[in-house]
Structure formats: structure tokens, C-alpha cells
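Encoded as C-alpha cells, the structure appears first; notes follow it.
The values are calculated or read from the model by the stated rules, or taken from the named source; none is laboratory data. What you are looking at is a predicted structure, and each value in this text was computed from that prediction instead of being measured. Here the Cβ is made from the backbone with ideal geometry for all residues, glycine too, and neighbour counts use every protein chain on show. For the accessible areas, the whole protein counts, side chains as well, though only heavy atoms, and no ligand, DNA or RNA atoms are used. Shrake-Rupley method; radii C 1.70, N 1.55, O 1.52, S 1.80 Å.
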Amino acid sequence: MKAEPESRIVKGKDVKFSIDDLYRMENSTSPWDGVRNYEARNILRDQMKAGDKVLFYHSNCKVPGVSGVASIVREGYPDHTAFDPDHPYYDPKSNKESPRWFMVDVKFDRKFDNIVTLAELKSHSELGDMALIKRGRLSVQPVREDEFNFILGLATTK
């Protein structure tokens with residue numbers, strides 16, 4: 001799951017959200033809202049299950065990379081931010097009767113001592129088929145178990 005650790009203003013509101021922000025949330029848990037891509041929406045809605053582990057990825061920053069691990073604690077449900085005209089992620093075509101966008105709730109598990117950078121990820125042939133490497137712009141992507149474990153290994157060897 002990708003998040004932006006540096007400030008970016010949308011509709012007058014800062015949409016910055018880092019792994020540190022997740023940690024500081026009540027119970028270190030937050031909805032993962034604002035996903036506005038159909039493929040990513042389908043992953044949130046249909047594939048992510050309670051207990052699944054996710055890699056927390058910092059994007060749109062000077063040094064993008066995996067910063068830690070979180071867990072899914074609530075499976076896909078309608079993203080209420082799409083219904084709020086004052087919210088940066090408002091979508092006038094979405095409505096409560098037939099929601100277009102979904103979100104999950106995530107809980108902080110751990111922060112890596114050092115970010116596993118995108119450059120480092122790309123340098124390992126073991127990750128050559130990873131969605132993040134092949135299709136980096138998608139905000140929510142599947143990660144195979146072997147890829148997940150390989151990245152955890154990179155994080156613990158720093």
C-alpha cells in the first residue's frame with residue numbers, strides 16, 4: 001500500500017500520511033481511504049482479508065521505498081470520503097446506495113529501521129516480476145509471499 005509521507009495539498013487539505021502517522025493514530029489503526037483507481041479498488045474490496053500483512057510504501061517523496069509492515073484489520077467497505085463534498089477525495093458520481101470506492105482499515109505492525117528503497121528493490125532480480133517494479137503507479141498492489149519475505153529479509157539485514 002502506498003502513502004505519501006511528505007505534504008501535498010488537495011482542496012486545501014494536507015493529504016500527507018506516513019508510517020509514523022499510522023503509528024500515532026488511535027490504536028495505531030486507520031482507514032485506508034482515498035483510493036481512486038478501479039484496479040486498486042477491486043484489490044481493496046475483493047482480495048484484502050483481515051489478518052493479511054501489507055508492505056507500507058512511501059511514494060511521491062525524495063526516496064521512495066518500503067518503510068514497514070501493517071495488517072488489515074477490517075475488510076473492504078464503502079469509502080465514505082467519496083460522499084463528502086468538502087473532502088479531498090470526494091467523487092460526485094459515488095453515492096451511498098451504490099458506492100464506487102472502497103477502503104480497508106490497517107493497523108501498524110512495525111517500522112523498518114531504514115527504508116528499503118525503490119532503487120534497492122529494483123536491484124534484486126528476485127523482485128523483477130513484482131507488481132511494484134513493473135507497474136509502480138498503482139497505489140494498492142498484490143505482493144507474493146516470496147516477495148514479501150524477501151523484502152522483510154532486506155529490511156532486517158540493514
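Structural remarks
Quick grid of which residues meet (1) under 29 Å from LEU154 (Cβ atoms); (2) open to solvent by 80 Å² or more (accessible area, probe 1.4 Å):
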| position | (1), (2) |
| --- | --- |
| MET48 | yes, no |
| LYS53 | yes, yes |
| VAL69 | yes, no |
| TYR77 | no, no |
| ASP86 | no, yes |
| TYR90 | no, no |
| LYS93 | no, yes |
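- Among the residues of the range 23-40, those that are surrounded by 13 or more Cβ atoms within 10 Å (Cβ to Cβ) and either within 21 Å of PHE108 (Cα to Cα) or β-branched (Val, Ile, Thr) (or both) comprise TYR23, MET25, SER28, THR29, SER30, PRO31, TRP32, ASP33, GLY34, VAL35, ALA40.
- Subset of the range 88-125 [over 25 Å from ILE72 (Cβ atoms) and acidic (Asp, Glu)]: GLU97, GLU120
- THR29 falls short on exactly one of the conditions (1) closer than 21 Å to TRP101 by Cβ; (2) touching a His at 6+ places or on another chain (Cβ under 7 Å), and that condition is (2).
- Scope the range 71-98; condition out of contact with any Lys or Arg (no Cβ under 8 Å at 6 or more places or on another chain), among the charged types (D, E, K, R) and touching a residue at least 24 places away in the same chain (Cβ under 8 Å); matching residues: ARG74, ASP79
- Remark: ASP20 falls outside the filter, which requires a residue to be acidic (Asp, Glu) and open to solvent by 70 Å² or more (accessible area, probe 1.4 Å).
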